[in-house]
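Could you have a look at this structure, given as C-alpha cells, before my questions?
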Amino acid sequence: MTEKILILDFDSQYTQLIARRVRELNVYWEILPYNKIPEHFDDLKGVILSDSPSSVHDDDKPVVDIEQLRHLQLLG
C-alpha cells in the first residue's frame, strides 16, 4: 500500500510547488479544493493546508472543518 498525502488548496500560488516537493520524496499526493474534502481517503498519512498569505487576513477567508480532517485521519 502506498502512503498518501492530501493537499487542500485554498487557492494558494504555492500548491503545485508543495506537490512537487512531496513527489520528490516519493510520496503519493492528491490536491483537492479546501471545500471538497472526501469522506474517506485510503492510507492517508497527512494533510497539508496550502493557503495564500492574503486570505489569512480577509474577513471572508475560507474555513476548513477540522473535525472532518480528524475523521479522515482516523480512517486513513
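The values are calculated or read from the model by the stated rules, or taken from the named source; none is laboratory data. Everything quoted here is computed from the prediction, not taken from an experiment. Don't worry about glycine lacking a Cβ; one is built from the backbone with ideal geometry, like all the others, and counts go over all protein chains shown. To get the accessible areas, we keep the full protein, side chains included, count just its heavy atoms, and leave off ligands, DNA and RNA. Shrake-Rupley method; radii C 1.70, N 1.55, O 1.52, S 1.80 Å.
For the chain, with the dipole built from +1 on Lys and Arg beta-carbon atoms and -1 on Asp and Glu ones, taken about the Cα centre, which of HIS71, SER50, ILE5 lies farthest toward the positive end?
Selected residue: ILE5.
Considering only protein heavy atoms, what per residue accessible area in square angstrom results for the chain with a 1.4 angstrom probe?
The answer is 72 Å² per residue.
Hey, another quick one. Return the carbon/sulfur percentage of the accessible area of the chain, one whole number, probe 1.4 Å, all protein chains in place. Mind showing how you got there, number by number?
Details: 2710 of 5450 Å².
Taking all protein chains in place, the chain shows 50 percent carbon and sulfur surface.
Take LYS61 and ILE48, extend 7 Å from each Cα along the Cα→Cβ direction, and tell me the distance between the two endpoints in nm.
Placing both labels 7 Å beyond Cα along the Cβ direction yields 2.0 nm.
Right, another one. How big is the dipole moment of the chain about its Cα centre under a simple scheme where the beta carbon of each Lys and Arg is +1, that of each Asp and Glu is -1, and everything else is neutral? Debye, nearest 20, please.
Numbers: 8 positive and 14 negative charges, 73 e Å.
Taking the Cα centre of the chain as origin, the dipole is about 360 debye.
So which aspartates and glutamates can LYS61 reach, going by Cα to Cα under 19 Å and dropping same-chain residues fewer than 8 places off?
ASP9, ASP11, ASP51
Give me P(r) over the chain, computed from all C-alpha to C-alpha distances, binned every 10 Å, as integer percentages.
With a bin width of 10 Å, the distribution comes to 19, 50, 27, 4, 0.
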